[in-house]
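For reference, the structure discussed in these notes is given below.
The values are calculated or read from the model by the stated rules, or taken from the named source; none is laboratory data. For clarity, every value in this text was computed on a predicted model and none was experimentally measured. For neighbour counting, all protein chains shown are included, and Cβ atoms are generated from backbone atoms with ideal geometry for every residue, glycine included.
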Amino acid sequence: MLTTLDQKILAVVAIILLGLFADRTAFAGGNSLPPPGSRVQVMPPQMGLAYARTIQKELDDRGYDVGPADGVIGPRTRRAIEAYQRDAGLPVDGLATDTLLDHLLFARPRVRARPSSRPVVTSLTI
């Protein structure tokens with residue numbers, strides 16, 4: 001099993017490699033589609049899964065609900081990406097891009113999910 005440091009190192013290597021081949025790269029797995037006219041390159045399957053899992057783990061570590069870190073950019077992960085992008089002041093597009101991963105890994109101070117305004121409901125058993 002990879003440690004968190006190993007995952008971050010792999011993510012950085014992926015960013016560097018992707019930067020060599022495209023101006024903008026996104027993992028377009030699952031139901032995730034790039035916006036019309038964007039320059040998006042699809043990654044090889046294993047690289048895309050590792051890339052997406054790293055993004056999911058980093059978002060989860062900051063309090064954003066991505067669901068299971070399964071490497072699939074599904075609706076929950078896209079909503080979490082959009083919430084992070086809004087909170088971080090980034091353009092909101094919901095894509096798992098190299099810019100997003102770079103921000104997650106290196107931006108200081110770290111952006112964290114805002115506390116929910118909904119009250120916490122607990123059930124009491126007597």
Would you please list the contacts, defined by Cβ atoms under 9 Å and residues six or more apart or on different chains, that run from a residue in segment 1-12 that is within 15 Å of residue 47 (Cβ to Cβ) to a residue that is modelled with pLDDT under 70 and surrounded by 15 or more Cβ atoms within 10 Å (Cβ to Cβ)? none
Within segment 74-114, can you find the residues that are within 15 Å of residue 60 (Cα to Cα) and in contact with a Gly (Cβ under 7 Å, 6 or more places away or on another chain)? 74, 76, 77, 78, 81, 82, 112, 113
